[in-house]
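See structure below.
The values are calculated or read from the model by the stated rules, or taken from the named source; none is laboratory data. Bear in mind that the values here come from a model prediction, so they are computed numbers and not experimental data. Using ideal geometry, Cβ is built from the backbone for each residue, glycine included, and neighbour counts are taken over all protein chains shown. Surface accessibility is based on the protein's heavy atoms, side chains included, excluding ligands, DNA and RNA. Shrake-Rupley method; radii C 1.70, N 1.55, O 1.52, S 1.80 Å.
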Amino acid sequence: MSEAFVYLWYDAPNDMYYLGKHKGLPDDTYTHSSSIWEHFTKDNIPEGVTREILDEGTDEEMCVLEHELLVEAKNGGDWDRYYNESLGDPRYVDTSGQSNPNYKHGKYVGGEENKKIRLAYKNEQHKTPE
């Protein structure tokens, strides 16, 4: 029996993704932990938003897979289309340097000392094209 899974949400109205890992079952109430993307429940999934379960396994296996897939998205040039801010759970993967959870688009965006940078990044990602 699997203890965790990797999932991919697709937000069609905004053409954005959120990839994550959850220790639990795909049919439990968990949706996502993004601090950028709007919160919703399994009973109130926004229109045009769908989830795909990519794999199931041990928590450690899914942490490693989540990290690998996020690194692939970051290095593949699609990182701007992800709500993710980090490259996964640091318990089982190297999160130093550019894999640091607070490193995004060439700069560190986490921590209290970088709150202004983080807010500017969020505002930039959500502004409407002119």
Q | Those residues of the stretch 22-60 which are over 20 Å from SER86 (Cβ atoms), open to solvent by 70 Å² or more (accessible area, probe 1.4 Å) and without any contact (Cβ under 8 Å) to a residue 12 or more places away in the chain, in sequence order | A | ASP27, ASP43, ASN44
**Q.** Candidate set from the stretch 9-21 (those that are hydrophobic (A, V, I, L, M, F, W, C) and buried (at least 16 other Cβ atoms within 10 Å of the Cβ)); member that is nearest to LYS42 (Cα to Cα)
**A.** TRP9
Q. Of the conditions (1) in contact with a strand residue (DSSP E or B) (Cβ under 8 Å, 6 or more places away or on another chain); (2) free of Cβ contacts under 8 Å to residues at least 12 places away in the same chain, LEU19 fails just one. Which one is it?
A. (2)
Q: Can you give me the number of residues within the stretch 1-30 that are of a type in the set (Val, Ile, Thr) and modelled with pLDDT of 95 or more?
A: 1
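Condition check ((1) more than 15 Å from the chain's Cα centre (by Cα); (2) basic (Lys, Arg)) across all residues:
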{"residue": "PHE5", "(1), (2)": "no, no"}
{"residue": "TYR18", "(1), (2)": "no, no"}
{"residue": "LYS21", "(1), (2)": "no, yes"}
{"residue": "GLY24", "(1), (2)": "yes, no"}
{"residue": "SER34", "(1), (2)": "no, no"}
{"residue": "LYS42", "(1), (2)": "yes, yes"}
{"residue": "THR58", "(1), (2)": "yes, no"}
{"residue": "VAL64", "(1), (2)": "no, no"}
